[in-house]
Amino acid sequence: MRQSGDSLFKQSSFTKFWTSRILSSTSSQMLSVAIGWQMYEVTKDAFSLGMVGLAQFLPMVLLTFVVGHVADRYERRRIVYICQIIDSLVAGLLLWGSIEGWIGREQILAAAAILGVTRSFEGTSASSLLPQLIEKKLLQQAISISTTAGQTSQILGPMVGGLLYGVGAGYVYGTASAALLIGAVMTYLIRLKEQPVRSKEPVTLRSVFLGLEFVIRHPLILGTISLDLFAVLLGGATALLPIFAKDILHAGPLGLGLLRTAPAIGALIVSLILAYYPLKKAIGMKLFAALAVFGLATMLFAVSTNLVVSVIALLLIGGSDVISVVIRSSLVQLQTPDEMRGRVNAVNSLFIGTSNQLGEFESGTVAGFTGAVPAALIGGVGTIIVAGLWMYLFPSLRKIRSLAGN
């Protein structure tokens with residue numbers, strides 16, 4: 001009998017986890033909007049604005065292996081709520097500084113760096129915590145529903161943050177601080193269905209990097225993670241949206257907002273469908289089919305000169321991407337023993353984060369030489385080529401029939 005997504009929300013711990021992720025992710029988006037805007041208001045300097053992004057991105061790269069090791073040695077639930085409490089305190093300090101008027105460039109950069117550190121620990125620990133809350137047969141649906149939390153946050157967070165900032169920066173920081181505290185309480189109240197297997201090996205350089213070694217030694221996981229890296233690296237056409245909105249579609253700022261929202265809406269719709277109708281057969285081929293749709297939709301977006309067609313293409317990009325995300329995330333979680341999940345999820349997070357950042361850089365660089373349309377077109381073609389190449393290089397990935405990996 002098919003298990004529906006409703007059955008997950010009947011489980012108290014999963015509901016608390018999901019609520020906590022919504023609150024934490026939305027607050028993170030709100031804080032990113034407010035911090036960036038306030039930095040530019042304070043400094044009027046584009047370089048300082050770029051430093052904010054760097055301050056949040058660097059911890060993810062520098063702390064990857066430390067984060068994974070910590071998530072495998074200590075209680076993940078505790079790591080998550082401690083990070084949420086720290087984020088709430090940072091938002092509270094930004095609220096205080098905005099009210100008192102002592103917020104400057106250094107204070108904003110320090111806040112961004114602390115948030116970057118806590119998000120690194122929280123993200124890996126939360127991903128590794130999820131399989132301990134539900135039965136394995138419900139993991140795909142749990143990941144799908146958790147993905148809706150992330151997509152909803154991407155839609156609501158910037159919008160709510162922007163609206164509140166229009167009233168005053170303090171309103172953003174105060175709202176985010178309160179939401180993060182509530183999220184921390186929700187996480188604290190979670191009770192695990194599966195007791196964690198703690199890593200008891202001595203802390204050595206090898207144990208810290210064991211997640212990377214594990215990935216390299218398991219072709220199924222290596223293929224899954226590296227596929228995301230290269231597919232997203234080549235398919236980063238969304239970085240070019242301002243160019244398309246202004247110079248090609250002539251849609252203006254409102255059109256740009258619509259274009260930016262479309263992938264998240266497509267992803268949200270598909271993740272909700274997957275929560276109720278999980279993927280069951282020929283999982284490997286469905287993964288590669290989703291990547292093919294992603295590449296074709298990117299090519300359609302590249303050649304479109306009509307706003308409606310472009311929005312449809314971006315909806316398809318978001319929807320097809322979430323299918324591959326759910327499959328890849330489920331495979332990584334199910335194929336990794338609990339005592340290694342923190343370190344493997346940390347490597348996965350590094351690949352995902354790096355591919356997003358480098359994908360935007362690649363698209364911008366190619367567009368600088370060839371123009372936006374050829375750059376997006378090349379990205380779509382490249383994604384399809386990568387999918388075909390990985391089908392050949394990782395036959396075990398192509399032949400997967402179910403998310404149990406067989």
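All of the numbers you see were taken from the coordinates with simple rules; none came from a lab. On a predicted model such as this, the values are computed, not experimentally measured, just so you know. Here Cβ is always computed from backbone atoms with ideal geometry, including for glycine, and neighbour counts include all displayed protein chains.
Simple spin-label estimate for residue 75 and residue 107 gives 3.5 nm between the two label positions (7 Å along the Cα-to-Cβ direction from each Cα). The label point for residue 286 and the one for residue 303, both projected 7 Å from the Cα toward the Cβ, are 3.0 nm apart. Both radii come from the Cα set of segment 205-406: Rg as radius of gyration, Rh as Kirkwood radius; their ratio Rg/Rh reads 1.00.
Computing Rg and the Kirkwood Rh from the Cα coordinates of segment 1-117 gives a ratio, Rg/Rh, of 1.08.
Checking every one of the chymotrypsin sites (Phe, Trp or Tyr not before Pro) in segment 62-109 against DSSP loop status and a limit of 14 other Cβ atoms within 10 Å picks out 102. When +1 charges are put on Lys and Arg Cβ atoms and -1 charges on Asp and Glu Cβ atoms, the dipole computed for the chain relative to its Cα centre reaches about 1420 debye. In terms of surrounding Cβ atoms within a 10 Å radius of their Cβ, 220, 254, 23 rank from fewest to most as 254, 220, 23. Using r as the Cβ-Cβ distance of residue 247 and residue 217, and R0 as 51 Å, what FRET efficiency do you calculate, to the nearest 0.05? The value I calculate is 0.60.
If a paramagnetic tag sat 7 Å from the Cα of residue 54 along the Cα-Cβ line, which residues of segment 95-139 would have the backbone N under 19 Å from that point? Under cut-off, by backbone N: 104-117.
Each stretch of four or more DSSP H residues adds -39500 (n - 2.57); spread over every residue of the chain, this sum gives -27500 deg cm²/dmol at 222 nm. Ranking 402, 271, 120 by how far each Cα lies toward the positive end of the dipole of the chain (charges on Cβ) leaves 402 at the top.
Charge tally around residue 291: other residues with Cβ under 15 Å, Lys/Arg +1 each, Asp/Glu -1 each, net +1. A full extension of the chain between residue 401 and residue 370 corresponds to an added length of 7.1 nm, given 0.36 nm per residue minus the alpha carbon distance.
Among the helices of the chain, those built from whole DSSP H runs whose Cα atoms reach 18 Å or more along their own axis and whose mean Kyte-Doolittle hydropathy is at least -1.0 are 12-43, 46-62, 76-100, 105-129, 139-167, 169-188, 219-234, 252-276, 283-303, 307-335, 338-370, 372-393.
Rounded to the nearest 20, the Cβ-based charge dipole of segment 57-130 about its Cα centre (Lys and Arg +1, Asp and Glu -1) stands at 200 debye. Pairwise inverse Cα distances across the chain, averaged and inverted, put the Kirkwood hydrodynamic radius at 21.7 Å.
So, in Å, what gap is there between the alpha-carbon centers of segment 276-315 and segment 20-79? Rounded to whole Å, the Cα centres lie 29 Å apart.
Charged neighbours of residue 55, selected by a Cβ distance under 14 Å, balance to +1 (K, R count +1; D, E count -1). Here's the picture: charge each Lys and Arg Cβ at +1 and each Asp and Glu Cβ at -1 in the chain, and of 32, 385, 283 the one pushed furthest to the positive end of that dipole is 283. Volume per residue for segment 99-150 equals 102 cubic angstrom (convex hull of Cα atoms).
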